[in-house]
Amino acid sequence: MTVLTRYLAAAGQPNMFDPTPVFDEFANPDGTVRHGWAALLEGLDEFADSDLQQAQRKVARLLEDDGVTYTPGPATGSSILDQQTPVDGDRTLAGAVPWKLDPLPLVLDDQQWAGLEVGMVQRSELLNAVVADLYGSQQLLRERRLPAAAILDHGEFLRAAVGLKTVRTPLFMLAADLGRDTEGTWKVMSDRTQAPSGAGFAMQNRRVVSRVMPEVYQDAHLHRLTPFFHAMRMALVDAAPSHVEDPRVVVLSPGTHSETAFDQAFLASLLGFPLLEGSDLTVRDGRVWMRVLGKLEQVDVILRRVDSTWSDPLELRPGSRLGVAGLTEAVRQGTVSVVNSLGSGVLENPALMPFLPDLCQYLLGEPLRVPSVDTWWCGDPASLSHVLTNLDSLVIRPICRTSGRSVRGSALTRAQTDELRAQISAAPHKFVGQEVLRLSSAPTAAGDRLVRSSVVLRGFTVRHGQSYRAMVGGLARVVDETDDQRGALVTAPGTGVAKDVWVVGSEPVSTAPLPSVAPRLESVELVPISSAAYSAAMVPRVLSDLFWFGRYAERAEDLLRLVLATRHVAVETDMDVSSDHSLRVLLQALTHVGASYPGFTDPDVAMMPELRSMLLDRHRRGTAAQALASLANAAQGVRDQLSDDVWMVLADVDRALAALRSSPQDSGSQLADTSERVLSGLLALSGITSENMVRDPGWYLLDSGRGLERALQLVTLLRVTLNRVRAPGVDQLVTEAVLASSESIVTFRRRYGGRSGPQAVLELLVTDSYNPRSVAYQLQRIGTDLNNVPTTQQTSRPLRVLEGLIDGVRSAELRSLVQSTDGQRPELDAFLGGLKEQLHALSDAIRDLYLKQEPGPQPLGRSGAYSGAGR
């Protein structure tokens, strides 16, 4: 019996403890398979227990390879609504956590989907009309079709946005969280209009599941997701002010620490628009400009992933460093379109839900097709009485999500219930009560079996022509029985597993090309996208991340080579006086090169634990682990600029380090294997960036960063190992280790034969401009890179500093430099020390000319912590 047949058999058994069973997405009440699943059953029915476990492991591996993460937001406040977090669990965890995905999708047949799709489009049109009225004529408030207290006292109602008539379509995109009741009727549990997230996650889920079950995916008559993103891309271009012919579109992100940073970067890459942060933009003369090297370029459309109130520190939230000062005024003047419009977060207000049926009839002249969950706004006396009477059986939500979290009354203690009752009574208009929806269930992988799990579906629509286009599919989440139905589809580890959503038909699905909705779209493939992408690679923040990406990659690679060379001396040579002394020299070199003090400057430090620390301790300065962590962090900042292969390499590096972390402390072989595996990954990364990246300013700064770091590391290594005269046996071992770590030992032996000594080493590793590992070669490399950056002038400080370095290396008298006095080589030490100082000066000059960002707005007072971009 396979996992599916076993699940189906169990689904057909009556539950004596539950007289009102939930709607089963997979099985009919008589135990037969629902229509949408029937076409897939043959392929999925072959899943045995081991196949299911293998599928789960493969999903996790693919997500890890793609670097798919979610960053839980912090818990704030001290009220009951802040403390009780049945959905999110402990949200105080810092840092990104792995995205979790079930290999089995949520399957819906296209006939059922058709009704839901129409309802989603209708809801989008309705909410668009509502928000246009609230920031326009406000007729709904004057006629009391909406309660003023629920709108005007909502944290996302922006008075500065009232009267912005230049916004043609305030609601560009809608995400709605839906669940089915026991009868199978879809109900909306919450609307996401602030900065809807999840569309990128939905496409990523589809890519992973299609690779895990390729035969099933190919055989299914499955509606694709690509048309939705095609429509979004066209709609963004069409959203530009009417006088703009070739619009420049950007995606505005809060940054890499945003809860949905991956979703934002993935979406920007998918659409082909640059991903920017507030510091990358400025407002001049009522227009929004993108900062690029030496100039400003106008921005026409901003896809906003920063909450409205944080988008403009000048008019909306003083102290915000995420937005653009003056953005509201630019919108007011009609020089830029911001989507979703500023203030659209007011539509997330659950107090609107009881009024939507009447509003739909009034504004659209038709009944509401997809109902909301039963909701009672406590500002109405009758509804307040109902909520307070039935507190134990309802979900209590503040009308504004920034005011606290939803709680389920049945999860509270008596004291907490009394406190909540007092809060509601003190400001009833700020709360709603909602029914507890008994969500439908779907088969979900759990080890070697399938279990019934409740599911929530997030559906998406995007503006398309005069109406909206729905994503035929979406993002589903597995929830547990204690879920409070907030609709947050991405949660802390262990409380949420995503599902791909398949909409299948009985016949093959043909995807017709989308028609253009505006004449100017005909040229969008050629000019606007490519120029915007090139300009994004010249934004100082992006250049800085790429420059340091190159430096950290080279730093980690050089440290690993030195670790391997040092271990080779310790393991592969007889431990006599010479080898022991040589080992101490190399251990000290490792400390100085990484600046991981005290390290091996302390004679009592044991070698193996210290080498493990160099690989594993990311909190210690100068370790390879810290360089790798900084490399990953820099990569996150420019995810839209990098190949997917980069994340595969970084994931494999993390797995190698995890294996070493779990190995015995004295496992020298494991340490060597891990070092070699990580080094192989870094070499692959070098190949990826060298072969796959476009030669734009970003690449040239990345490559110059690698060259600068290689020169710095090499100069430091030579200064520590050649600054004094040692016994011949010691010098030989140290020299060979230095050459091996510099990938030059084969060349050295071939060129110099039996001759050795510091002069030959310096000639090969410092002055030989034909050796790609030498200092001279790196200086030429940096010069070539900087000269290819369009804004570089021949009189610029980086080139002047570089010229001085090249002259100093070219004119070096190696014979005199290696002369010793009392066992020391003072001239060589001074020469290499001077090179190091000049290299640091070159780094500073590059920073000041290419990487320096304009100072952000400074807050005059304290402002609260950012709660994350729209969820």
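The values are calculated or read from the model by the stated rules, or taken from the named source; none is laboratory data. It should be emphasised that the depicted structure is a prediction, and the values quoted were computed from it without experimental measurement. We place every Cβ from the backbone using ideal geometry, glycine too, and count neighbours over all the protein chains shown. Protein only, heavy atoms only, side chains kept; ligands, DNA and RNA dropped before computing areas. Shrake-Rupley method; radii C 1.70, N 1.55, O 1.52, S 1.80 Å.
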Expected single match for modelled with pLDDT of 60 or more and farther than 30 Å from Pro21 by Cβ among Arg520, Arg463 is Arg463
Among the residues of the stretch 796-812, which ones are over 19 Å from Ala830 (Cα atoms) and under 37 Å from the mean Cα position of the chain (by Cα)?
Ser796, Arg797, Pro798, Leu799
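Could you say which residue among Thr282, Thr309 is closer than 26 Å to Arg405 by Cβ, open to solvent by 10 Å² or more (accessible area, probe 1.4 Å) and under 24 Å from the mean Cα position of the chain (by Cα)? Working first, answer last.
Working: Thr282 fails: closer than 26 Å to Arg405 by Cβ.
Going through Thr282, Thr309 in turn, the sole match is Thr309.
So is Ala199 in contact with a helix residue (DSSP H, G or I) (Cβ under 7 Å, 6 or more places away or on another chain), among the hydrophobic types (A, V, I, L, M, F, W, C) and more than 23 Å from Pro254 (Cβ to Cβ) or not? Spell out how you get there, then give the answer.
Numbers: in contact with a helix residue (DSSP H, G or I) (Cβ under 7 Å, 6 or more places away or on another chain): yes; among the hydrophobic types (A, V, I, L, M, F, W, C): yes; more than 23 Å from Pro254 (Cβ to Cβ): no.
In short, no.
Test of understanding: among Leu314, Leu270, Leu356, which residue is outside the structural domain of Pro790 (by TED's automatic domain parsing), in contact with an Asp or Glu (Cβ under 8 Å, 6 or more places away or on another chain) and either without any contact (Cβ under 8 Å) to a residue 12 or more places away in the chain or surrounded by fewer than 24 Cβ atoms within 10 Å (Cβ to Cβ) (or both)? Show your work before the answer.
Numbers: Leu270 fails: in contact with an Asp or Glu (Cβ under 8 Å, 6 or more places away or on another chain); Leu356 fails: in contact with an Asp or Glu (Cβ under 8 Å, 6 or more places away or on another chain).
Answer to the check: Leu314.
Glu366: at pLDDT 95 or above, under 18 Å from Ala175 (Cβ atoms) and open to solvent by 20 Å² or more (accessible area, probe 1.4 Å), yes or no?
Working: at pLDDT 95 or above: yes; under 18 Å from Ala175 (Cβ atoms): no; open to solvent by 20 Å² or more (accessible area, probe 1.4 Å): yes.
No, not satisfied.
Suppose the filter is in contact (Cβ under 8 Å) with a residue 12 or more places away in the chain, part of a strand (DSSP E or B) and either of a type in the set (S, T, N, Q) or in contact with a Lys or Arg (Cβ under 7 Å, 6 or more places away or on another chain) (or both); does Asp191 pass it?
Details: in contact (Cβ under 8 Å) with a residue 12 or more places away in the chain: yes; part of a strand (DSSP E or B): yes; either of a type in the set (S, T, N, Q) or in contact with a Lys or Arg (Cβ under 7 Å, 6 or more places away or on another chain) (or both): no.
No; evaluated as a whole, the condition is false for this residue.
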So, Gln112, is that one modelled with pLDDT under 50 and either open to solvent by 50 Å² or more (accessible area, probe 1.4 Å) or on the phi > 0 side of the Ramachandran plot (or both) or not?
no
Determine which single condition Ala265 fails, assuming it passes every other condition in (1) under 20 Å from the mean Cα position of the chain (by Cα); (2) more than 30 Å from Val107 (Cα to Cα); (3) of a type in the set (Gly, Ala, Ser).
(2)
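Could you check the stretch 533-554 and list, in sequence order, the residues that are modelled with pLDDT under 90 and buried (at least 21 other Cβ atoms within 10 Å of the Cβ)? Let's see the steps before the verdict.
Going residue by residue through the stretch 533-554, those that are modelled with pLDDT under 90 are 533-538.
Of everything in the stretch 533-554, those that are modelled with pLDDT under 90 and buried (at least 21 other Cβ atoms within 10 Å of the Cβ) turn out to be Ser535, Ala536, Ala537, Met538.
For the stretch 325-359, name all the residues that are hydrophobic (A, V, I, L, M, F, W, C) and in a loop (DSSP other than H, G, I, E, B). Write out each step before concluding.
Taking the stretch 325-359 first, the residues hydrophobic (A, V, I, L, M, F, W, C) are 325, 327, 330-331, 336, 338-339, 342, 346-347, 351-353, 355-356, 359.
Of everything in the stretch 325-359, those that are hydrophobic (A, V, I, L, M, F, W, C) and in a loop (DSSP other than H, G, I, E, B) turn out to be Ala325, Val336, Leu342.
If you take the residues in the stretch 808-825 that are open to solvent by 70 Å² or more (accessible area, probe 1.4 Å) and not in a loop (DSSP other than H, G, I, E, B), which one is nearest to Thr767 (Cα to Cα)? Before you say what the answer is, go through the steps one by one.
First pass over the stretch 808-825, keeping only residues open to solvent by 70 Å² or more (accessible area, probe 1.4 Å): 810-811, 813, 815, 819, 821-822, 824.
In the following step, the residues that additionally are not in a loop (DSSP other than H, G, I, E, B) were identified as 810, 815, 821, 824.
Values: Arg810: 6, Arg815: 13, Thr821: 23, Gln824: 22 Å.
Of everything passing the filter in the stretch 808-825, Arg810 is nearest to Thr767 (Cα to Cα).
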Within the stretch 377-385, can one find any residue that is buried (at least 21 other Cβ atoms within 10 Å of the Cβ) and outside any strand (DSSP E or B)?
yes
Looking at (1) in contact with a strand residue (DSSP E or B) (Cβ under 9 Å, 6 or more places away or on another chain); (2) open to solvent by 10 Å² or more (accessible area, probe 1.4 Å); (3) closer than 20 Å to Phe26 by Cβ, which is the one condition that is false for Val209?
(2)
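In this structure, is Thr69 within 22 Å of the chain's Cα centre (by Cα), modelled with pLDDT under 90 and closer than 30 Å to Ala658 by Cβ?
On the way: within 22 Å of the chain's Cα centre (by Cα): yes; modelled with pLDDT under 90: no; closer than 30 Å to Ala658 by Cβ: yes.
Judged against the criteria, Thr69 is not a match.
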Assess whether Gly136 counts as being in the same structural domain as Pro313 (by TED's automatic domain parsing), surrounded by fewer than 20 Cβ atoms within 10 Å (Cβ to Cβ) and more than 28 Å from the chain's Cα centre (by Cα).
yes
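Considering Arg438, Arg458, Arg397, which residue is part of a loop (DSSP other than H, G, I, E, B), in contact (Cβ under 8 Å) with a residue 12 or more places away in the chain and buried (at least 16 other Cβ atoms within 10 Å of the Cβ)?
Working: Arg458 fails: part of a loop (DSSP other than H, G, I, E, B); Arg397 fails: part of a loop (DSSP other than H, G, I, E, B).
It is Arg438.
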Among the residues in the stretch 95-108, are any modelled with pLDDT under 80, farther than 20 Å from Arg477 by Cα and either in contact with a Ser or Thr (Cβ under 7 Å, 6 or more places away or on another chain) or in a loop (DSSP other than H, G, I, E, B) (or both)?
yes
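What about Gly155, is it more than 30 Å from Asp500 (Cα to Cα) and assigned by TED's automatic domain parsing to the domain that holds Ser337?
Numbers: more than 30 Å from Asp500 (Cα to Cα): yes; assigned by TED's automatic domain parsing to the domain that holds Ser337: yes.
In short, yes.
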Going by the conditions given, is Val432 in a helix (DSSP H, G or I), crowded, with 20+ Cβ neighbours inside 10 Å and at pLDDT 95 or above?
no
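Among the candidates Phe201, Phe229, single out the residue that is in contact with a strand residue (DSSP E or B) (Cβ under 6 Å, 6 or more places away or on another chain), closer than 25 Å to Asp500 by Cα and either assigned to a helix (DSSP H, G or I) or among the aromatic types (Phe, Trp, Tyr) (or both). Before the answer, list the steps.
On the way: Phe229 fails: in contact with a strand residue (DSSP E or B) (Cβ under 6 Å, 6 or more places away or on another chain).
Exactly one residue qualifies, and that residue is Phe201.
Tell me the residue from Val801, Val746 that is exposed (fewer than 13 other Cβ atoms within 10 Å of the Cβ), among the β-branched types (Val, Ile, Thr) and assigned to a helix (DSSP H, G or I), please.
Working: Val801 fails: exposed (fewer than 13 other Cβ atoms within 10 Å of the Cβ).
Of Val801, Val746, the one residue that is exposed (fewer than 13 other Cβ atoms within 10 Å of the Cβ), among the β-branched types (Val, Ile, Thr) and assigned to a helix (DSSP H, G or I) is Val746.
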Within the stretch 626-665, the residues that are of a type in the set (Val, Ile, Thr) and either touching a Pro at 6+ places or on another chain (Cβ under 9 Å) or open to solvent by less than 10 Å² (accessible area, probe 1.4 Å) (or both) are Val638, Val646, Val653
Could you go through the stretch 832-846 and let me know if any residue there is at pLDDT below 95 and either among the basic types (Lys, Arg) or touching a strand residue (DSSP E or B) at 6+ places or on another chain (Cβ under 8 Å) (or both).
no
Checked the stretch 729-747 for anything of a type in the set (A, V, I, L, M) and touching a residue at least 40 places away in the same chain (Cβ under 8 Å); matches are Val730, Leu733, Val734, Ala737, Val738, Ala740
From the residues in the stretch 770-786 that are charged (D, E, K, R) and assigned to a helix (DSSP H, G or I), which one is nearest to Arg810 (Cα to Cα)?
Arg781
